[in-house]
Amino acid sequence: MTDSPYLEAVALSKRYEDGVLALDRVSFGVRPGQIYAMLGANGAGKTTTINIFLNLIDPSEGEARIGGIVTHREPLEAKAHVAYVSENVMLYGNFTAMQNLEFFARLSGKHHYSRDDYHDILRRVGLSDDVHYKKVRGFSKGMRQKCGIAIAILKDAPAILLDEPTSGLDPKAGWEFCRLLESLRQEGKAILMSTHDIFRAKEIADTIAIMKEGRLVMEQPAGELAHLDLEKLYMEYMAGHNGPMPAEA
Amino acid sequence: MFRVLVTKELKAILLSPRFVGTFMVGAVLILLSVYVGIQEYRAAVDHAQTSQLLSDQGLQEATSWMSASTRAYRAPDPMTIFVSGLAFDIGRWTPISTRTGVRLRHSLYSDEPMYAVFRFVDFSLIVVVVMSLFALLFTYDAVSGEREDGTLKLVFSHPVSRAHYLLAKASGAWLGLAAALAVPTALAVLMVVVYGIPLGWQDWLRLTLLLGLAALFCGSFVMIGLLLSACTRHSSVSFLTGLMVWVALTLIVPRIGVLTAGQLTNVPTVAEIQGQREAFARDQWDKFMRDGIGRWQGNTDSLGEEALLARIQTEDSLRRQVETNISDYETRQYADLRRKSERRERLALSLARLSPVSAFQIGAMTLAGTDLDMKPRFESAMDAYRAQFTDYVGQRQSESPGAGGMRIEFNSETGMKISNPRDAGALDISGLPKYVSPRFDLAPAVGSLALDFGVLALGLLGCLFGAVMLFSRYDVR
Ligand SMILES: Nc1ncnc2c1ncn2[C@@H]1O[C@H](COP(=O)(O)OP(=O)(O)OP(=O)(O)O)[C@@H](O)[C@H]1O
Ligand SMILES: [Mg+2]
């Protein structure tokens with residue numbers, strides 16, 4: 001585990017065209033082999049942060065870096081180093097799960113996967129063989145989510161951005177997903193995840209941050225929170241009992 | 001990367017029900033239209049041949065060279081099977097005689113108006129109406145639809161350049177469309193060959209160019225669809241806009257071009273021309289008369305006979321001068337009229353070419369030789385033939401001045417005898433020059449064709465550029 005962060009937000013601010021200040025000078029870093037969980041109420045700015053990392057939107061100020069590459073300056077270069085799972089994975093409905101996997105793998109420049117590799121990864125994310133050749137059109141949200149996770153894993157990028165990846169997953173699938181994340185951490189991926197699932201965050205994250213109204217109000221190593229009631233802490237932050245996070249030394 | 005995108009696009013299109021529908025509809029229409037075209041072509045060839053034969057027979061049975069007349073038939077061109085253009089509107093034959101000028105009359109539509117009610121559907125019309133619609137159908141949701149489906153976000157979380165993405169969309173749609181066009185067209189051409197329609201190398205070249213033009217035309221509508229898709233957030237909006245643009249480009253812009261040209265350029269009517277000519281003639285004669293009064297003033301009795309004769313000769317030449325002036329004026333007027341109406345035609349076509357639909361139609365008609373030049377081309381060939389005919393008839397008349405008309409002989413023994421040349425047998429027309437329809441020549445059409453190809457290519461690139469510019473700022477979320 002090196003100390004220099006692979007995913008980095010530097011005084012990131014975003015003001016939307018309608019004037020909403022979605023992000024207010026947010027700074028943080030995610031090192032390789034680290035799982036960084038962002039908690040926060042709806043509209044706190046989590047998705048906005050991830051979208052800036054993917055250059056789906058430009059920051060108003062500051063910058064997001066992936067492996068040192070500034071995302072809005074060299075978006076293609078940056079995107080080659082990051083995989084992404086959205087809160088609601090959407091795939092090509094006319095294609096089967098296999099075809100979707102194949103297309104996105106090739107889009108990531110991965111041409112060497114075999115049919116068996118695709119089957120393996122689909123099984124790994126919890127999709128049984130009988131749906132591998134079914135059109136994605138008929139998939140449930142959870143099944144699509146699993147496909148999305150499979151696509152992200154196939155990309156085999158050093159960084160992974162997960163926007164509420166477990167939304168729509170059943171408890172078993174959620175548990176399996178956590179095991180998957182652990183193995184990815186083992187492989188040294190830098191993982192940034194936004195989530196509403198406090199318990200799971202506490203279970204697997206290395207660092208837990210809380211966002212509120214576009215600002216990072218708390219950032220703590222999970223180990224230090226182990227003995228605390230995270231839910232209570234979260235509620236306190238949401239109620240505004242704690243001020244903004246003091247700048248890190 | 002680009003190949004991955006194109007492969008996926010092509011796969012998506014070939015598997016989509018849209019493509020199956022497009023292919024079926026296109027195939028049925030093209031095959032049917034070419035089949036009907038072949039039948040029409042054969043009927044036209046038959047018509048021209050038998051009528052020419054009948055007309056030759058009529059000539060043979062004519063009473064005299066003096067009243068001899070025949071007909072010249074416009075030979076059908078096999079390319080009319082694909083692009084009928086004006087072929088059915090322009091007369092099919094002209095009478096050829098020493099007395100009347102050449103004028104093509106009796107078009108198919110005027111002889112058999114039933115066909116004109118719905119007009120023939122040919123390959124070019126299918127491309128214009130059906131293929132352009134399908135091109136829009138393939139592309140209207142290329143961007144907006146994928147945004148709605150949410151797939152755009154996932155695609156652009158990968159290192160994909162937006163220009164590549166658009167180009168891949170365009171290529172996929174265009175290839176799908178080309179397949180839907182090429183397969184039935186190949187079958188249709190095969191049908192033409194099987195039916196034994198004679199196709200020369202120029203015809204094959206024209207056919208190839210026509211297909212190229214059609215491909216370019218489809219390409220420009222693919223780009224229009226992409227452009228619309230990249231300006232809208234919702235596929236329902238892009239669909240509606242696409243439909244409106246289609247109506248504008250196929251139905252409105254070409255007609256507006258023609259109407260505007262009619263408004264902008266002032267081409268005098270026949271009545272105006274006649275009025276001007278009469279006014280000019282009146283002026284000329286008035287002047288001649290007024291000057292005449294001056295010339296004849298004074299004592300003419302004192303003039304000698306010779307001087308008087310000279311006077312009269314001068315007067316005569318002045319009178320002739322006036323006549324020449326008037327006739328020159330008339331010639332100038334007609335030349336001017338022709339120039340003006342040509343300019344108007346050119347302007348109308350140029351304005352109409354703002355729409356790729358007209359550019360394609362004009363190009364296709366030029367290739368098939370069924371464009372605006374069709375009538376003058378045939379008429380000038382027929383004019384040339386009429387000159388030959390008149391020469392020949394004149395020659396024959398001078399050889400046997402007696403032939404023709406009634407012949408009345410007085411003989412002291414037999415009395416009066418009236419004979420008819422019919423008794424002398426039919427006219428010998430073996431030496432009469434035969435009318436040969438002009439072969440279509442591609443060379444003079446190259447300029448106009450280059451313009452059509454150029455307009456289509458330029459429109460295509462313009463739309464592509466616009467689409468890339470718009471899409472570079474498109475919010476893919
Ligand atoms: N396209 C947009 N235009 C204007 N404002 C936006 C836009 N997208 C998001 N916002 C605003 O930015 C703020 C942050 O939104 P964001 O989606 O980042 O929240 P979030 O933390 O992901 O919330 P959730 O937990 O509901 O996913 C919100 O106030 C939202 O209204
Ligand atoms: Mg969100």
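Filter the range A:153-168 for residues that are among the aliphatic types (A, V, I, L, M) and either within 16 Å of ligand 1 (Cβ to nearest atom) or closer than 19 Å to residue A:209 by Cβ (or both) and give the result. Can you show your working first?
To start, the set of residues in the range A:153-168 that are among the aliphatic types (A, V, I, L, M) comprises A:153-154, A:157, A:159-162.
Passing the criteria: A:159, A:160, A:161, A:162.
Where in the range B:88-149 are there helices (runs of 4 or more DSSP H), lying fully within it, with 2 or more residues that are of a type in the set (Gly, Ala, Ser)? Steps first, answer last, please.
On the way: elements: B:108-111, B:113-118, B:123-126, B:132-139, B:144-149.
Once the helices (runs of 4 or more DSSP H) in the range B:88-149 are filtered for at least 2 residues that are of a type in the set (Gly, Ala, Ser), what remains is B:132-139, B:144-149.
Give the residue that is farthest from residue A:230 (Cα to Cα), with candidates limited to residues of the range A:156-199 that are more than 13 Å from ligand 2 (Cβ to nearest atom) and small (Gly, Ala, Ser).
Among those residues, the one meeting the criterion is A:157.
One line per residue, one yes/no per condition, for (1) within 18 Å of the chain's Cα centre (by Cα); (2) open to solvent by less than 20 Å² (accessible area, probe 1.4 Å):
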residue: A:190; (1), (2): yes, yes
residue: A:200; (1), (2): yes, no
residue: A:211; (1), (2): yes, yes
residue: A:214; (1), (2): yes, yes
residue: A:222; (1), (2): yes, yes
residue: A:237; (1), (2): no, no
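Specify which of the listed residues (A:215, A:185) is more than 14 Å from chain B (Cβ to nearest Cβ), at pLDDT 90 or above and within 16 Å of ligand 1 (Cβ to nearest atom).
On the way: A:185 fails: within 16 Å of ligand 1 (Cβ to nearest atom).
Exactly one residue qualifies, and that residue is A:215.
Residues checked against (1) over 27 Å from the mean Cα position of the chain (by Cα); (2) more than 10 Å from chain A (Cβ to nearest Cβ); (3) in contact (Cβ under 8 Å) with a residue 24 or more places away in the chain; (4) within 16 Å of residue B:13 (Cα to Cα):
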position	(1), (2), (3), (4)
B:127	no, yes, yes, no
B:143	yes, yes, yes, yes
B:148	yes, no, yes, no
B:158	yes, no, no, no
B:172	yes, yes, yes, yes
B:176	yes, yes, yes, yes
B:185	no, yes, yes, no
B:191	no, yes, yes, no
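For the list (1) crowded, with 22+ Cβ neighbours inside 10 Å; (2) outside any loop (DSSP other than H, G, I, E, B); (3) away from ligand 1 (no atom under 13 Å from the Cβ), I need the number of the one condition that residue A:76 fails.
(1)
Within the range A:1-23, how many residues turn out to be surrounded by 19 or more Cβ atoms within 10 Å (Cβ to Cβ) and of a type in the set (Asp, Glu)?
Of the residues in the range A:1-23, 1 are surrounded by 19 or more Cβ atoms within 10 Å (Cβ to Cβ) and of a type in the set (Asp, Glu).
Can you name the number of the only condition in (1) open to solvent by 50 Å² or more (accessible area, probe 1.4 Å); (2) under 16 Å from residue A:155 (Cβ atoms) that residue A:86 fails?
Unmet for residue A:86, out of (1) open to solvent by 50 Å² or more (accessible area, probe 1.4 Å); (2) under 16 Å from residue A:155 (Cβ atoms): (1).
Among the numbered criteria (1) buried (at least 24 other Cβ atoms within 10 Å of the Cβ); (2) modelled with pLDDT of 95 or more, which one does residue B:177 miss?
The failed condition is (2).
In a helix (DSSP H, G or I) and at the interface with chain B (Cβ under 10 Å from one of its Cβ atoms): which single residue out of A:88, A:94, A:51, A:55 fits that description?
Values: A:88 fails: in a helix (DSSP H, G or I); A:94 fails: in a helix (DSSP H, G or I); A:55 fails: in a helix (DSSP H, G or I).
After ruling out the rest, the residue left standing is A:51.
Pick out the one residue from A:162, A:122, A:107 that is facing chain B (nearest Cβ under 10 Å), open to solvent by less than 10 Å² (accessible area, probe 1.4 Å) and either more than 18 Å from the chain's Cα centre (by Cα) or not polar (S, T, N, Q) (or both). If you could, list the steps in order and put the result at the bottom.
Numbers: A:162 fails: facing chain B (nearest Cβ under 10 Å); A:122 fails: facing chain B (nearest Cβ under 10 Å).
Sole residue among the options that is facing chain B (nearest Cβ under 10 Å), open to solvent by less than 10 Å² (accessible area, probe 1.4 Å) and either more than 18 Å from the chain's Cα centre (by Cα) or not polar (S, T, N, Q) (or both): A:107.
Identify the single condition in (1) within 14 Å of chain A (Cβ to nearest Cβ); (2) surrounded by fewer than 24 Cβ atoms within 10 Å (Cβ to Cβ); (3) within 19 Å of residue B:227 (Cα to Cα) that residue B:167 does not satisfy, given that it satisfies every other one.
(1)
Consider residue B:390 carefully, then state whether it is more than 30 Å from residue B:446 (Cβ to Cβ), surrounded by 13 or more Cβ atoms within 10 Å (Cβ to Cβ) and at pLDDT 85 or above. Before you say what the answer is, go through the steps one by one.
Working: more than 30 Å from residue B:446 (Cβ to Cβ): yes; surrounded by 13 or more Cβ atoms within 10 Å (Cβ to Cβ): yes; at pLDDT 85 or above: yes.
Yes, satisfied.
Can you tell me which residue among A:66, A:35 is buried (at least 22 other Cβ atoms within 10 Å of the Cβ), more than 8 Å from ligand 1 (Cβ to nearest atom), within 14 Å of chain B (Cβ to nearest Cβ) and of a type in the set (A, V, I, L, M)? Full working, then the answer.
Working: A:35 fails: within 14 Å of chain B (Cβ to nearest Cβ).
Being buried (at least 22 other Cβ atoms within 10 Å of the Cβ), more than 8 Å from ligand 1 (Cβ to nearest atom), within 14 Å of chain B (Cβ to nearest Cβ) and of a type in the set (A, V, I, L, M) holds for just one of A:66, A:35, which is A:66.
The values are calculated or read from the model by the stated rules, or taken from the named source; none is laboratory data. Computed from a prediction, not measured in an experiment: that's the story for all the values here. All Cβ positions, even for glycine, are placed from backbone atoms using ideal geometry, and neighbour counts span all protein chains on display. The protein model used for the area step is the full one, side chains on, heavy atoms only, and it has no ligands, DNA or RNA in it. Shrake-Rupley method; radii C 1.70, N 1.55, O 1.52, S 1.80 Å.
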